[in-house]
Amino acid sequence: MSETGSLHSSMADTPQNTSFDLSICGNLTTEYVKVWKQYEYWCEGVLFSSLGLFGLLSNMASIITLLSQDMRKQTFNQLLAVLSAIDIMYIIFNVPVHTNATLDTVNHWFSVSSFLSKVYVYILYPMSAVSFCASIYMTLAVTVERYIAVCRPHQYRTISQTMSNTKRMLVYVIPVTTLSFALNIPKFMEVTVTENNGTNEFDYSQTKRDPTFVFWYTLSLIWHPTLTTGVLPFIGLVYMNMHIFLKIHQSRQILSGRRNKQRQSEFNLAITLISIVLMHIVCNALRVFLGVLVVALVGKLCRNISCVFSHPSSLCRCPSILHKTC
């Protein structure tokens, strides 16, 4: 499921969404919704915000360390610094979006301020999806860089000799940025804000609330985000890291008893990458599973936006933001 699905939380409070038909929406009973709301408050509101604050501090410290005079000479460290910067943007954009739906104080700030409402609709909501994609693709880009360095050393040496560190970094950053925006263009048109009795209310656009559109939108989840941010990146990460691990194991046996500082440095960076990717996979596995499950059960989902964009995505957010703090 998409990381920006929290708008359903505020929408679920409207009269048309609080009555659930078991024959349509499965086990989404009124009693279950109360438990779900309580879970959202503590997990998606309180815990999510706390982890976000810690993530801001830890990623800032990482950037300072990675861009120190000695460490910034490595393209790998530069890419890790970019990944930390993207994780900071993920936290800045996502925490307000999700706490708006779960914490009354934050919701009040957005509802009484027309400026904050416009910031939510035109910046926070769409950019939360963009930064989420960018974080995943940047992790993939860092893996590609290490895969070439460890498994294709001759090709990596040629690239190092013909391109500067800045150019090599931009080769990864520019495609990641372009693809992240391209895949999430619809997010910039999904949400509207209306004024009602002096307060601002967020809602999905009329197009996205159309039952037929919701059905086909759910089918489109097969492509994005299920494949684009879930299955395909997971396959790529597992494939490349398995080859990196096997290459390190093989090289250590060959170089046993001999000193090779440059190769040893490459292997140490690769081991660092493997730990980062392992954390990424563990923290995003549930999100990928639920995304695949929603697509698999699309025929049984009701043609109602409250059922399509509902509670499963909430289970994924704390593990996702936990990954951004590491």
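The values are calculated or read from the model by the stated rules, or taken from the named source; none is laboratory data. These numbers come from a predicted model, not from an experiment. Please note: Cβ atoms are built from the backbone with ideal geometry, for glycine as well, and neighbour counts cover all protein chains shown.
The requirement of being exposed (fewer than 14 other Cβ atoms within 10 Å of the Cβ) and assigned to a helix (DSSP H, G or I) is fulfilled somewhere in the stretch 143-155, by at least one residue.
The rows are residues; the columns are (1) assigned to a strand (DSSP E or B); (2) over 30 Å from W109 (Cα atoms); (3) not aromatic (F, W, Y).
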| residue | (1), (2), (3) |
| --- | --- |
| M169 | no, yes, yes |
| P175 | no, yes, yes |
| N200 | yes, no, yes |
| F213 | no, yes, no |
| Y217 | no, yes, no |
| T229 | no, yes, yes |
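Of the residues making up the stretch 125-139, those that are among the aliphatic types (A, V, I, L, M) and touching a residue at least 60 places away in the same chain (Cβ under 8 Å) are A129, I136.
Within the stretch 17-69, work out how many residues are over 24 Å from the mean Cα position of the chain (by Cα) and modelled with pLDDT under 85. Selection size over the stretch 17-69: 19. Evaluate the stretch 98-105: report whether one residue or more is modelled with pLDDT of 90 or more, crowded, with 17+ Cβ neighbours inside 10 Å and either outside any loop (DSSP other than H, G, I, E, B) or not hydrophobic (A, V, I, L, M, F, W, C) (or both). Looking for residues that are modelled with pLDDT of 90 or more, crowded, with 17+ Cβ neighbours inside 10 Å and either outside any loop (DSSP other than H, G, I, E, B) or not hydrophobic (A, V, I, L, M, F, W, C) (or both), one finds none in the stretch 98-105, hence no. Here S117 clears all of (1) modelled with pLDDT of 90 or more; (2) within 23 Å of A81 (Cβ to Cβ); (3) among the polar types (S, T, N, Q) except the condition numbered (2). Of the residues L269, L290, L227, the single one that is modelled with pLDDT under 75, under 20 Å from the mean Cα position of the chain (by Cα) and among the hydrophobic types (A, V, I, L, M, F, W, C) is L290. Of the residues I63, I88, the single one that is under 15 Å from V142 (Cβ atoms), in a helix (DSSP H, G or I), among the β-branched types (V, I, T) and without any contact (Cβ under 8 Å) to a residue 60 or more places away in the chain is I63.
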